[in-house]
1. Based on what the data block shows, is Gly456 touching a Lys or Arg at 6+ places or on another chain (Cβ under 8 Å), closer than 22 Å to Asn287 by Cα and in the same structural domain as Ile349 (by TED's automatic domain parsing)?
2. Which residue, of Leu545, Leu496, Leu468, is touching an Asp or Glu at 6+ places or on another chain (Cβ under 9 Å), in contact (Cβ under 8 Å) with a residue 40 or more places away in the chain and part of a helix (DSSP H, G or I)?
3. Could you give me the residue pairs with C-beta distances under 6 Å whose first residue belongs to the stretch 435-447 and is free of Cβ contacts under 8 Å to residues at least 40 places away in the same chain, whose second residue is hydrophobic (A, V, I, L, M, F, W, C) and buried (at least 19 other Cβ atoms within 10 Å of the Cβ) wherever it lies, and which are 6+ apart or on separate chains?
4. List pairs: first in the stretch 405-431 and more than 16 Å from Gln385 (Cα to Cα), second of a type in the set (Ser, Thr, Tyr), Cβ under 8 Å, 6+ apart or cross-chain?
5. Just one of Ala561, Ala504, Ala518 is assigned to a helix (DSSP H, G or I), small (Gly, Ala, Ser) and touching a Ser or Thr at 6+ places or on another chain (Cβ under 7 Å); which is it?
6. For the stretch 157-169, state whether one or more residues are of a type outside the set (Ser, Thr, Tyr), out of contact with any Ser or Thr (no Cβ under 9 Å at 6 or more places or on another chain) and not in a loop (DSSP other than H, G, I, E, B).
7. Would you please name the residue that is nearest to Leu206 (Cα to Cα), looking only at residues in the stretch 46-83 that are acidic (Asp, Glu) and within 24 Å of the chain's Cα centre (by Cα)?
8. Looking only at the stretch 306-313, decide whether some residue is within 23 Å of Pro510 (Cβ to Cβ), outside any strand (DSSP E or B) and touching a residue at least 24 places away in the same chain (Cβ under 8 Å).
Amino acid sequence: MPFLGDKHNESKSREEIILKGIPSSPGMALGKAYVIKPEVIIIPVIQIPADKISHEIARLEDGLHNMMNEIQTALDKVKNDSQNISAILETNLLILKDEFIISSIKERIKTGYSAESAVVQEYENQINFFKNSKDLVLKERSFELEHLKDKLLATIRKKITNHNIPENSVIVAQAITPTDVVNFKESKVAGIITEAGGIASHSALLARSFGIPSVIGVRDAHSLINIDCDIIIDGYAGLIHICPSNECIKEYEARKSKEDEHKRELGELINLNTETQDGIKIKLTANINSPDEVKEAVLFGCDGIGLVRTENLVMNLKRFPDEEEQYNWYKEITDRAYPNPVVLRAFDIGSDKYLEGLPHVELNPALGLRGIRFLLHREDIFSNQLRAFLRASVNKNLKIMLPMISSLNEIEHSKILLEKCKSELKEKDIPFDYKIPVGIMIETPSAALLAGKFAGEVDFFSIGTNDLTQYTLAVDRDNEFVTELYDTFHPSVLKLIKNIVDSAKSKKIPVSICGELAGHAAATNFLVGIGIDELSVPPVILLELKKRIRSLNFKKAKKTAKDIINCDSSSDLMKLLELI
């Protein structure tokens, strides 16, 4: 089970307890537990006399003002960090400032409810809306909204406690807000453990951005862990050692020392070529979300940007940007990366996100109007983006990638629209790259099976292994009940990947992998062996991946890959991959 593992490990020490959670932010740390006990907030439905209404509205406004100030203070602390970090905090600020919600709460107060009762009623309506969603990310937002509601209630009741957290503490809490994470960073905490939360939560995203080891989904953590006890947190495996034995501490120190030394060694690899011992070169590119992240990718010696998730611009603005806004954003990325290539993926969004122009919420967004389907449904939005892409391509280091392709018709339709946009710019004498490369994300079984046909229609392939695995195995990777069935190393998935690579090679077009498999240690030998041209990964693991590639012999890797492809048994395949 992902949420709770063995609580007792008698072989090490009777006092030592091991909890299992979900690894949320990588890293290891040793520190003293700082337990934040949740306040049980029970708000009865209180009716107030008419002469108290103005007082209750004033209490609400005072609480909102103080909480907004708290978030603004956190924003000021991260103003020099990436734009995505600020955007996460601004999301909470926008919720608190939402005029519809504030007005609804005030109307409830005017009908005779206390400020607390009115807040609970209105926020519960919003929370239930998200909880009823079939999409895990939206369900996760309901938990964040619940915590925001509790913080607002505590602020209204003036029960907010300013925690004086000692340096190197391991935070243990039921749930936390993004503002909390910013404050934890300032306090120089060693790690974070929570009972609630998901890996897609805003708090988890911030912990990863700040490099704070984090484990989430740990049942009863705040009641099982005592304040000031020693804690070892393993953000790689999702393990928590409470009151670790001397043997466990020594093991941790050895691993931590090796990890630190490993990071120092990787620094020497920046200026070395990414090639196997027998001279086969592999391109290493970075997955990024914003212009700010280009710097980190370049510092780690990337060969370009293999994936820009342009939908992050939409999510940051909370609306679809116009052509000019997009052009400036894309141009900044291509300028910063020049002369290295940049692959801009068209908006990969769907009705699992509530945005202007999207239809009502679908029961199964993963199989609905998402990616290229949505873009072709809304040609106005797609055309704006294509024109912005073209205008930003003047340096001739920009490539366009189409998401969620499943049919030839989608490719043809997109190319017709692109040619129309080219004609419009040409008429206005606006410069662009007339031969701008167009590629596709292959992340559906239909695209994988038709890769031979698609390869003759596009300039490059990029394999999205996360969705390819999900759709091939019919397993929702975010569903805890079938997590064990989500296996990127399933023989069927690897055979599809090999077919895609062979199809690309037959038409002499490059093929990359930008899903999680690209950075998986056990997969490198296989991917190099089947002839992958490029691996696109988060900037922080570029050098680690380079080191693995430089240790390989291509001829041996090719033989191993052939043996892997011939495997029909997962257990035999895993042995070859050295997973077990």
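The values are calculated or read from the model by the stated rules, or taken from the named source; none is laboratory data. Note that the structure is predicted; figures quoted are calculated from it, not measured. Methodologically, a virtual Cβ is constructed for each residue, glycine included, from the backbone with ideal geometry; neighbour enumeration extends over all protein chains shown.
1. Numbers: touching a Lys or Arg at 6+ places or on another chain (Cβ under 8 Å): yes; closer than 22 Å to Asn287 by Cα: no; in the same structural domain as Ile349 (by TED's automatic domain parsing): yes.
Criteria not met by Gly456.
2. Selected residue: Leu468, the only one of Leu545, Leu496, Leu468 that is touching an Asp or Glu at 6+ places or on another chain (Cβ under 9 Å), in contact (Cβ under 8 Å) with a residue 40 or more places away in the chain and part of a helix (DSSP H, G or I).
3. Here the result reads Val438/Ile400; Val438/Val458; Ile440/Leu402; Ile440/Ile405; Ile440/Val458, each pair linking the stretch 435-447 to a residue that is hydrophobic (A, V, I, L, M, F, W, C) and buried (at least 19 other Cβ atoms within 10 Å of the Cβ).
4. These pairs meet every condition: Ile405/Thr444; Ser406/Thr444; Ser406/Ser446; Ser407/Ser446.
5. Being assigned to a helix (DSSP H, G or I), small (Gly, Ala, Ser) and touching a Ser or Thr at 6+ places or on another chain (Cβ under 7 Å) holds for just one of Ala561, Ala504, Ala518, which is Ala518.
6. no
7. Initial filter on the stretch 46-83 (acidic (Asp, Glu)): 51, 56, 61-62, 70, 76, 81.
Imposing the further condition that a residue be within 24 Å of the chain's Cα centre (by Cα) reduces the set to 76, 81.
Details: Asp76: 15, Asp81: 11 Å.
Checked the stretch 46-83; the qualifying residue nearest to Leu206 (Cα to Cα) is Asp81.
8. Yes, that holds for at least one residue.
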